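Engineer: There's a structure below that I have some questions on.
The values are calculated or read from the model by the stated rules, or taken from the named source; none is laboratory data. This one's a predicted model, so the numbers in the text were calculated from it and none came from an experiment. As a convention, Cβ positions derive from the backbone with ideal geometry for all residues, glycine included, and neighbour counts pool all protein chains shown.
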Amino acid sequence: MIPGITFKRFMRHTLIRTGLEAIALSGLSRRRLPGGAIIFTLHHVRPDRPELSKPNRLLSVTPAFLDETIRTCRDLGLLPIPLEKLPARLCDPADENRYFAFTLDDGYRNNAEFAAPVFRRHGVPYTIFVTSGFAARTHSIWWETVEALLSRHEEIEFDFGSGPCTIPTRTALQKTVAIDRFSKFVQTSDEDAAVRQIDKLATGLGLDPLDLVSRLTMNEKELAVLATDPLASLGAHTVSHVNLTRVGEDRLRQEIVESTRAVETISGKKPQSFAYPYGFAEAVGEREFAAALEAGYEIAVTNRPGLISRECTKKPTSFNRVSLNGDYQKARYVRALLSGIPFKLAGQPAARPA
Ligand SMILES: [Zn+2]
């Protein structure tokens, strides 16, 4: 069953790559952006790390590719815009411009180190979505914990719910299968308990999950410094990074309100944008959109793939984004994405973002 998932993943990526190549070759990608804007999602921005297991490698692009993506957007006549200004622009009937906005989820330190200089060089605004529990070092990042364990061990013993089992993690394929399995475990059992169990596994193997968070993400002080960059905005991304569709009403509101307050304390101003953790179709819905609106957000973003149409939206808390994928780091793929065709053909042409 699990190798089946991996084969499906492989086939999906092969199909997507073939599709993007076909669109790029057909010349269709030279047509005008059909919508009014594109909002990009990024996670890690850092030099290539081929040793990473595939699912996490997909969440990482190089600074050179970020540079190339910005140039491609500009070549196609798109204008950069701060995310929070986008809804008003879309509601202005006299505005015929097409826009691009950059967002970076989870507050990785490499965003300040490698992405910020690229944005600065091009004068392009960007929004960092802060998971306040990561910044405060109170919550671990389960997919990074698993990645770190996979890189250190040739096999791992874990109980996914039907008794302890040994998972081989030596080869690249085994690592991909293993992270798929952990991912399914987190997404189908109680998420808090699943993360605690992964943390316990790591601690038992000599890896401190919160120390890993400290190594990978910016703390509150670093975020406060980054927030002084006139191009940077901080948005909220919950406290714990839980899938919001799987928690009760009180927890949903608490995650939004407390992370909003935390980001306000860090940057000195109320965040104007919010990103739903994971953000894929099963991690967002009408209840979550309404909660973000109720919390006062004028824009909130999913990771449901798609461009933004040129119209005044009545649902500003359900914007689509396009995840830049570590497997498709070529300008011609970006052009193909900007044509909007891949979203009509194939659903999500990217990793399932975090
Ligand atoms: Zn995230």
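Listed here are the residues, each with its yes/no results for (1) at pLDDT 95 or above; (2) over 17 Å from PRO87 (Cβ atoms); (3) within 16 Å of the ligand (Cβ to nearest atom); (4) surrounded by 19 or more Cβ atoms within 10 Å (Cβ to Cβ).
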| position | (1), (2), (3), (4) |
| --- | --- |
| ILE266 | yes, yes, no, yes |
| GLY285 | yes, yes, no, no |
| ALA292 | yes, no, yes, yes |
| VAL301 | yes, no, yes, yes |
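Engineer: I'm trying to understand the selection: among the residues of segment 200-221, which are under 15 Å from ARG152 (Cα atoms) and not aliphatic (A, V, I, L, M)?
Structural biologist: Selection gives THR203, GLY204, GLY206, ASP208, PRO209.
Engineer: Select the helices (runs of 4 or more DSSP H) contained entirely in segment 101-154, then report the ones holding at least 1 residues which are more than 16 Å from the ligand (Cβ to nearest atom) and touching a residue at least 60 places away in the same chain (Cβ under 8 Å).
Structural biologist: Output list reads 116-122, 142-152.
Engineer: What number of residues within segment 266-293 satisfy the criterion of being out of contact with any helix residue (DSSP H, G or I) (no Cβ under 8 Å at 6 or more places or on another chain) and either within 24 Å of TRP143 (Cα to Cα) or part of a helix (DSSP H, G or I) (or both)?
Structural biologist: The qualifying residues number 9.
Engineer: Which residue pairs have Cβ atoms under 7 Å apart, sit 6 or more places apart or on different chains, and have a first residue in segment 36-50 that is in the same structural domain as PRO125 (by TED's automatic domain parsing) and over 26 Å from GLY77 (Cα atoms) and a second that is assigned to a loop (DSSP other than H, G, I, E, B) and within 14 Å of the ligand (Cβ to nearest atom)?
Structural biologist: Here the result reads HIS44/LEU59, each pair linking segment 36-50 to a residue that is assigned to a loop (DSSP other than H, G, I, E, B) and within 14 Å of the ligand (Cβ to nearest atom).
Engineer: Taking into account only those residues within segment 60-103 that are more than 15 Å from ILE38 (Cβ to Cβ) and touching a His at 6+ places or on another chain (Cβ under 8 Å), which is surrounded by the most Cβ atoms within 10 Å (Cβ to Cβ)?
Structural biologist: Filtering segment 60-103 for residues that are more than 15 Å from ILE38 (Cβ to Cβ) and touching a His at 6+ places or on another chain (Cβ under 8 Å), the one surrounded by the most Cβ atoms within 10 Å (Cβ to Cβ) comes out as VAL61.
Engineer: In the list ALA275, ALA262, which residue meets the criterion of being within 16 Å of the ligand (Cβ to nearest atom), within 19 Å of HIS43 (Cα to Cα) and in the same structural domain as ASN243 (by TED's automatic domain parsing)?
Structural biologist: Of ALA275, ALA262, the one residue that is within 16 Å of the ligand (Cβ to nearest atom), within 19 Å of HIS43 (Cα to Cα) and in the same structural domain as ASN243 (by TED's automatic domain parsing) is ALA275.
Engineer: Let me ask another. Look at GLU249 and say whether it is loosely packed, with under 15 Cβ neighbours inside 10 Å, within 16 Å of the ligand (Cβ to nearest atom) and over 22 Å from LEU83 (Cα atoms).
Structural biologist: no
Engineer: I've got another one for you. Taking into account only those residues within segment 173-209 that are of a type in the set (A, V, I, L, M, F, W, C) and surrounded by fewer than 18 Cβ atoms within 10 Å (Cβ to Cβ), which is farthest from GLU147 (Cα to Cα)?
Structural biologist: ALA193
Engineer: So, of the residues in segment 27-59 that are hydroxyl-bearing (Ser, Thr, Tyr) and modelled with pLDDT of 60 or more, which turns out to be surrounded by the most Cβ atoms within 10 Å (Cβ to Cβ)?
Structural biologist: THR41
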